[in-house]
Amino acid sequence: MRPDRTELTKIILQTLQELGQDLEKPELQAADENTRLFGARCELDSINLVNFIADIEERISDEFNIHLILANQSAMSRSHSPFRRVSSCIDYVMELIAADSSTHE
């Protein structure tokens, strides 16, 4: 089963909010689609961002049996990071899932 945008948004926001609790960062605990993940005025450092990405990969694998690598060459070579904001991360994950499912059809 392929997740829709609503399901992915829920997974990504829950993951970020839980990380915010662990880090005691109220801004992350109240995260929404406009929350910054990377760059200036961001509450995550590079290690926390890596952990966040790994947690998303694991949750998608556990819940939907879809195995993705989010921090891949495609992500790193883009002019705008897909990890800049929650909304761009959701879009990017949707794009990877669509590409993955088209190779398995």
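The values are calculated or read from the model by the stated rules, or taken from the named source; none is laboratory data. Keep in mind that what you see is a predicted model, and the values were worked out from it rather than measured. Methodologically, a virtual Cβ is constructed for each residue, glycine included, from the backbone with ideal geometry; neighbour enumeration extends over all protein chains shown.
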In the stretch 11-67, what count of residues is obtained for those that are in a helix (DSSP H, G or I), among the acidic types (D, E) and more than 10 Å from the chain's Cα centre (by Cα)?
6
Taking first residues from the stretch 88-105 that are within 16 Å of N65 (Cβ to Cβ) and surrounded by fewer than 13 Cβ atoms within 10 Å (Cβ to Cβ) and second residues anywhere that are among the charged types (D, E, K, R) and modelled with pLDDT under 90, the pairs with Cβ under 7 Å that are 6 or more apart or on different chains are S101/R2
Please count how many residues of the stretch 59-86 are touching a residue at least 24 places away in the same chain (Cβ under 8 Å) and surrounded by 15 or more Cβ atoms within 10 Å (Cβ to Cβ).
11
A71 being modelled with pLDDT of 90 or more and aliphatic (A, V, I, L, M):
no
Can you tell me which residue in the stretch 1-58 is farthest from D91 (Cα to Cα), limited to those that are buried (at least 18 other Cβ atoms within 10 Å of the Cβ) and of a type in the set (S, T, Y)?
T15
